[in-house]
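Data first, discussion second: the structure below is written as structure tokens.
The values are calculated or read from the model by the stated rules, or taken from the named source; none is laboratory data. Keep in mind the model is a prediction, meaning the values are calculated, not measured. Cβ: placed from backbone, ideal geometry, glycine included. Neighbour counts: every protein chain shown. Quick note on the areas: whole protein, heavy atoms, side chains included, nothing else; ligands and nucleic acids left out. Shrake-Rupley method; radii C 1.70, N 1.55, O 1.52, S 1.80 Å.
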Amino acid sequence: MRARTRSALRVLFLTVMILSAAAVGQSFLQSTAGAESETGGTVTETATATPESSGANETADDGSAGGDATPTATPASTGLTEIDVESRFDRAKSETLPGENWSTRQVRAASGDRGLTVVATQGFYVSGQTAELAALTPDGSVVYFNDTYRVYFDVDPVEGERYTVEYVAAKHFEGTECEQFHGDQCTRNVVNRVNLTTGDHETVYAEMTPQVASGRWHDVDRLNDTHLIVADIVEDSVFVVDTRDDSIVWEWRFDEHYSPEAGGQGGDWTHVNDVEVLADGRIMLSPRNMDEVIFLDRTDGGGYAVDEDWTLGEDGNHSILYEQHNADYIPRAYGGPAVVVADSENARVVEYQRVDGEWVQSWSWQDVRLKWPRDADRLPNGNTLLVDSNGNRLVEVNADDEIVWSANVGMPYDVERIGTGDESEGGPAARLRGRAPIEPRTQPEGAANGTATPPSVGASVETSGDRTPTDRFWLTLKDVTPSLVTNGILYTAPPWVLFTDLAFATLFVLVGLCWAGSEFYWAGHTLRGVAAGIGRRVRTGVENVR
């Protein structure tokens, strides 16, 4: 090969490697710049409300101090596209504030049309971060903050209480508290209730258990004023507890339906991460490791069994669901029966509609940044509010699948928009998004078990929103890359690393190997020749030793 051609190839190799490294470096610099900025985006202030008092000093059930609210001047409505609240969380942890929260009037004024957003996080997965429960105004001001527990999971609004929520959390202990388990470590799992504006706080239900890596209860649903239904990951079951005396009044175990060969391994077999009681009395469950959403219905004998005709997904069939989280049911009155699911390992949010007795994909959403969604709520206005855990952000997309609001938050798990109902209970199915608001019908919810075909649902609808050709290229590349490999690398990588960074890093390595191989070849070497040379040196060395 001529020297000129070799020089051109060297320049090409070097150029590609420099550009690849620059692309990765740009992501890092953007992440660093975002962390140093309080808002991380453009905020257009149209009105300002300044609280007269602030703070929320809370004592948890274990006696440790809770977090503090960190209010600032808050626009009533904003033109922002993305905000960064991590620096505000840091300030909430470090400042000692007065013992009063924002008043209900001040919170309502600051929330504007979008409303107050409550997020529960597993922030300890992010370097230097703790887990937290926080309430945010549209511009990211922190109305309520608590980092008492090691991890937070489900958070739900309390019916009839505008700014009161119930949440699931866990905290680890060592020493004498754990003697009953004949070990040095144990975990306190709690369901707590808190008023975000007054700071009033109570423990609804709690249980000490042996040590668990994070927490054994990821979701709890309220049946009535006195009873909760709990998804228990360790016991692979769901149970109903009477919170008046903490007695277990009912339990259903997954081994009543699944064989031991299904799902995950021992110690984390089903990983049931969601439970939802439907208006018709059925119970919807999400056994993550089975890649399914299942429905329990009453049997003639008064017990419960899986209605297999309604099962969404199939164990090991990752084209439907892949280790999903937090399925939300949309009833017929709002365009269903439909289910909105955070399809985590497939890195998308997806909706399935019930059509002629079958589940048909009716909508899905993802963007290049989406890493590992774990919650998605359909809001009454047709928008979808979702959590991207590994992407460290909250995202709200409209009916055209355009991002209208997002916030950078370390390892979020669950999100709720105050005033929109519990999860997706007041949101329309995809086929009705963009239409006039839906008035709830008086039709019995049991009618949702029918098999009528909705008029406008057919094959999968996957809208592109404002995607550019570049976005479509990256999404196509992301789809053909094994999700288990991608998600595994992104999970262990620093939070700022995106899928595009993995692609550019891979390109950098591949081009570097090609360049090294080319130089090796141009120098007149071959693998056979190198091997022969090494063999001669070994033999010579052996003979010298002799």
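Points to keep in mind about this one:
- When Thr243, Thr270 are compared by accessible area of protein heavy atoms, the largest-first order is Thr243, Thr270, using a 1.4 Å probe.
- Within the stretch 249-380, DSSP assigns beta bridges of which about 100% are antiparallel (rounded to the nearest 5).
- With Cα atoms defining each centre, the stretch 488-525 and the stretch 175-242 are spaced 45 Å apart in the structure.
- Spin-label pair Leu12-Met208: with each label point 7 Å from Cα along the Cα-Cβ axis, the two points sit 6.9 nm from one another.
- Cα gyration tensor shape of the stretch 221-295, rounded if a/c is under 1.5, else prolate or oblate by comparing a/b with b/c: prolate
- Extension reserve of the Arg298-Glu159 stretch, reckoned as 0.36 nm per residue once the Cα distance is removed: 47.5 nm
- Cα shape, the stretch 308-380, gyration tensor, a/c 1.5 rule: oblate
- Sites Gln180 and Ala516, calculated FRET efficiency, Cβ-Cβ separation with R0 60 Å, nearest 0.05: 0.50
- Relative contact order for the stretch 367-408: 29 percent, from Cα pairs under 8 Å spaced at least 6 residues apart, divided by residue count.
- On the beta carbon distance between Ala279 and Leu484, with R0 = 45 Å, the FRET formula returns roughly 0.75.
- Accessible surface of the stretch 144-184, 1.4 Å probe, proportion on carbon and sulfur as whole %: 40 percent
- 14 Å cut-off, amide nitrogen to a point 7 angstrom out along Glu308 Cα→Cβ, residues in the stretch 259-288: 259
- Overall, the accessible surface of the stretch 277-424 at a probe of 1.4 angstrom is composed of carbon and sulfur to the extent of 39 percent.
- Area accessible to solvent at His257, 1.4 Å probe radius, in Å²: 70 Å²
- Computed over protein heavy atoms with a 1.4 Å probe, the accessible surface of the stretch 314-441 works out to 26 Å² per residue.
- Sites listed here are GluC sites (Glu not before Pro) in the stretch 155-193 whose DSSP assignment is loop and whose Cβ has at most 11 other Cβ atoms within 10 Å: Glu159.
- P(r) tail fraction, the stretch 145-260 - alpha-carbon pairs more than 21 Å apart, %: 42 percent
- Solvent accessible area, Å² - Phe520, 1.4 Å probe, full protein context: 70 Å²
- Our note on the geometry: Cα centres of the stretch 371-425 and the stretch 329-361, 16 Å apart.
- Positive-end residue of Leu394, Gly357, Asn346, charge dipole of the stretch 304-406 with Cβ unit charges: Leu394
- Relative contact order of the stretch 233-384: 13 percent, from C-alpha pairs under 8 Å at least 6 residues apart in sequence.
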